[in-house]
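All remarks here apply to the structure that follows.
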Amino acid sequence: MIYEGKQKIWKDYQKEIPDDHWYYVRSCIRQNFFPASERKFTDITRNDLGKDVYETPYHTTCGGIAYHCDAIPQETAMTIVARQFALMTESGYENYVPSCVTSFGNYVEILETWREFPELETRIREQLWKACRREFNKPKYLAHTSDLIYHWRNEIAEKARYRLIDKETGEPVRMAEHIGCHYAKMFPSKGIGGAEYPYVLAGMIESWGGQVVDYPERRHCCGYGFRQYHMKANRGYCVSNTHKKFESMEPYGIQAILTNCPGCCYFMDRWQYVISEQTGKTYGKDGFGIPVFTYEELAGLVLGYDPWDLGLQLHQVAVEPFLDRIGVEYDPKAKYLGLNKEDLLKPELPTNLKCF
Amino acid sequence: MKENVVIIGGGIAGMEAARQLLLLGYHPIVVEQKDRLGGHVGQWHRLFPDMASAQDLIRGLGEEISDANIFLETKVNSINRLRDGYQVMLSNGVNVACRSLLVASGFQLFDAARKEEYGYGVYDHVITNSDLEAWFNGKPDVRIPEVPENVGFVHCVGSRDLKAGNLECSKVCCMTAVKQAIEIKEKFPSARVWCFYMDLRLFGKKYEDFYLGAQQEYGIQFVRGRVSEVGETADGRLQVKAEDTLTGKPLRVRLDLLVLMAGMACNPEMTRLARMARLDIDSDGFLKSLDNIRSINASNRPGIFFAGACTGPKTVPETLAEARAAALDIHRYLQKGL
């Protein structure tokens, strides 16, 4: 691997990211998959970094999930997006940051389509006006939340309580990065580092002390692929793709995976349980799996947030070996206590995948 | 006194045209940016389909144009229109007045690093057709393993590629891949060699025989399908994913060496010249011939002619034939003012 070759490509795929004043929209599925990640994004950006990140409870889904499942036509998704932009405009913002990678891809695709076909934008404006008497400005800047964490990665590193360093060996933690398809594969120029050798997550790992490890199936789909999962008959194909990735990863001693897509994080985490039940195989050390993190979770960990406040107890793969590796302090007994210390009850443990 | 004809470009087109113009009694002045004549062919090892030596071709042409005035490491700074010709100012301070000019500025090899999915410049064992020719000519290359067991060739890298902004077929890559695959098999008889193609455009004399020989005598595998991505394995080998469109199945192979058949792209120097001499540029970015049937050597400017790959991808025999035709066109123009 020629690292300088990658650096040259990374230089070609950078984008302008304003340092402050962002209008934030949440994901419709992340709240269920990893409920603390979005909350911690606002905590980290507002409280730790002192940024103006505004959100309104009136926003909805962007329609991207239905569009990519072929449940709604693009024009419907466009009108939903037009309303989202209207809310941003009414709030006095011009920098738009969605939390979901599919939303980001959806917004980019719609803005690019309107650029190519202005008459379509005019029609959507008319439809929005007829539907809810709203008008909108298009965002001046559009970024994904992982772009913002990337943009502020060095500020986070300066405030970090922990580094991605194995406290026993002093070696950087070996991490794989996995971007969602909708982040850059549709429009490589819109993603930091492009689509083939993306840098958005690799940059965070490097800034926080870890080592990025490449493996042959790095670019392969996580397995989710929308219709691969949402059509029940295709779920075998969904898990077989995830299995392919983990088989490819196996020889590289990868200790954690960082993702920026709700689906990737969820399926690479949950399918490790399914693979272990089906094949008896696990991919971490000593019968554990390989933990899969969102970038908010990893940022929260290095900043010293309590792992259970970050929602890490909701991961299928046990995160404790990773926390021990980088020396994060935590109370094992508090893992399944809710916000008010109410006992959430311990889940049933898998047969083969070691968990606590 | 013999009449000057300025030839811009010292590749095979410029050299062959200079040879013909000398024979016709003119004084050709060859202007070449590099420190040697021969252009891309000068870097090549053997030429299809007869496996003739490229060096012998360049040497032969060079000997026959020893009476021409040759300026190496020289650029054209400006071209000004005179009443009955042009004044060409060169970067070495020489000014030439001439009634006719030949543009033979050739092409530029497509930058294979732009096809990021193939990993040129990122993975250790990915090279281009040009790199392989240099290695055949004796230039050491650490990217080429001592004894590669599995070698792949990817056709159409940056050719017929809308996304890369290069829609033209580069014409020579299919046959070059077949030739290079055979040369690899000759050097490493036990190697398995794969060619990944989208179409095989084997249109010239003996090309089809050459292709059949590659399959029957050398056992080269031709896979109709494009490579989707290249990755690197733990032992530093390459994992190549492609689709075999004839069997309708995805394909994954481990290779020790991958050769990218980088296509012909228009030369940026040509664009600069076009601006200077007010020459028309075609929709594909190459120089625009007056027409593409009877006047392929003629430009939109009086007395300025074209030869070779400055108007689009060409094979070596086509380039040489065009250079001879251009020399005759120039002769006719200078004799009759046509």
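Provide, in order from the shortest bin, the percent of all Cα-Cα pairs of the stretch A:146-341 in each 5 Å bin, continuing until the bin that contains the maximum pair distance.
Spelled out bin by bin, the stretch A:146-341 gives 1, 8, 16, 20, 21, 17, 11, 5, 1, 0 percent.
Cβ neighbours within 10 Å, averaged per peptide: list A:340-351, A:41-52 in order, most packed at the top.
Per-residue mean Cβ counts within 10 Å order the peptides as A:41-52, A:340-351.
Give the Kirkwood hydrodynamic radius (Å, one decimal) of the stretch B:110-264, defined as one over the mean of 1/r across all pairs of different Cα atoms.
In the stretch B:110-264 this quantity evaluates to 15.5 Å.
Can you check how the C-alpha radius of gyration of the stretch A:22-145 compares to 2.2 N^0.38 Å, as a plain ratio?
1.04
Kindly state, to the nearest 0.05, the FRET efficiency for A:Phe356 paired with B:Thr233, given R0 = 25 Å and r defined as their beta-carbon distance.
Efficiency, from the Cβ-Cβ distance: 0.15.
So what is the relative contact order for chain A, in percent, with contacts set as C-alpha pairs under 8 Å and at least six apart?
Relative contact order of chain A: 18 percent.
For B:93-102, what's the mean count of beta carbons from other chains sitting within 10 Å of each residue's beta carbon?
Values: counts 0, 0, 0, 0, 0, 0, 0, 0, 0, 0.
Mean partner shielding for this stretch: 0.
Looking at the protein assembly as shown, what % of its DSSP beta bridges pair antiparallel, to the nearest 5?
If I count the DSSP bridges inside the protein assembly as shown, around 40 percent turn out antiparallel.
Principal axis extents for the stretch B:256-338, Cα atoms only, whole Å, descending order, please.
Result, largest extent first: 60, 28, 19 Å.
Once both axes come from the Cα atoms, what is the angle between helix A:235-249 and the longest principal axis of chain A, in degrees from 0 to 90, rounded to 10?
The angle comes out at about 60 degrees.
Take each of the peptides B:58-64, B:12-18, average the number of other beta-carbon atoms within 10 Å over its residues, and list them starting from the highest.
B:12-18, B:58-64
Please find the FRET efficiency linking B:Ala321 to B:Glu73, where r is the Cβ-Cβ separation and R0 is fixed at 25 Å, and quote it to the nearest 0.05.
That gives a FRET efficiency of 0.30.
Measure out, as a whole number of angstrom, how far apart the alpha-carbon centroids of the stretch B:113-152 and the stretch A:295-315 sit.
What the calculation gives is 44 Å, centre to centre.
At A:Gln31 and B:Met51, where each label point lies 7 Å from the Cα along Cα→Cβ, what is the point-to-point distance in nanometres?
7.1
Looking only at chain B, where both bridge partners belong to it, what percent of the DSSP beta bridges are antiparallel (to the nearest 5)?
50
R0 = 51 Å: FRET efficiency of A:Lys333 with B:Lys249, Cβ-based, nearest 0.05?
Calculated transfer efficiency: 0.45.
Which values of log₁₀ I(q)/I(0), to two decimal places, follow from the Debye formula for the protein assembly as shown at q = 0.06, 0.07, 0.12 Å⁻¹ with a uniform point scatterer at every Cα?
Those come out to -0.47, -0.62, -1.22, one per q.
List the cysteines of chain A that have no other Cys Cβ closer than 4.7 Å: which are they?
Singleton cysteines: A:Cys28, A:Cys62, A:Cys69, A:Cys100, A:Cys132, A:Cys181, A:Cys221, A:Cys238, A:Cys265, A:Cys355.
Around B:Asn300, which amide H atoms from residues at least 5 apart in sequence, or from another chain, sit under 5 Å from its own amide H, with H modelled in the peptide plane?
Amide H neighbours of B:Asn300, under 5 Å, 5+ apart: B:Asp280.
Would you pull out the residues with amide H under 5 Å of B:Asn77's amide H, same chain only if 5 or more places away, H placed 1.01 Å from N?
Residues meeting the criterion, in which the H sits 1.01 Å from N, are B:Met89, B:Leu90, B:Ser91.
Taking amide H positions as placed 1.01 Å from N in the peptide plane, with prolines and chain starts having none, which residues 5 or more places from A:Leu337, or on another chain, fall under 5 Å of its amide H?
A:Leu344
Restricting the count to DSSP beta bridges whose residues both fall in the stretch B:110-264, what percent are antiparallel, rounded to a multiple of 5?
Around 45 percent antiparallel, to the nearest 5.
Under the rule of -39500 (n - 2.57) per DSSP H run of 4 or more residues, summed and divided by the residues of the protein assembly as shown, what mean residue ellipticity at 222 nm is obtained, to the nearest 500 deg cm²/dmol?
One gets -10500 deg cm²/dmol as the mean residue ellipticity at 222 nm.
Quick one: Debye curve from the alpha-carbon atoms of the stretch B:95-182 only, equal weights, vacuum; give me log10 I(q)/I(0) at q = 0.12, 0.16, 0.18 Å⁻¹ to two decimals.
Rounded to two decimals, the profile gives -0.48, -0.75, -0.90.
Among rounded, prolate and oblate, which fits chain B when a ≥ b ≥ c are the square roots of the eigenvalues of its C-alpha gyration tensor, a/c under 1.5 means rounded, and a/b larger than b/c means prolate?
Taking the square roots of the gyration eigenvalues as a ≥ b ≥ c, chain B is prolate.
For the stretch B:2-68 and the stretch A:241-282, what is the centre-to-centre distance using only Cα atoms, to the nearest Å?
Going from one Cα centre to the other spans 60 Å.
Write down the Å³ per residue value for the convex hull defined by the alpha carbon atoms of chain A.
143
Where a number appears in this text, it was derived from the coordinates with a stated rule and is not lab data. These numbers come from a predicted model, not from an experiment. A quick note on method: Cβ atoms are made from the backbone with ideal geometry, for glycine too, and the neighbour counts reach across all protein chains shown.
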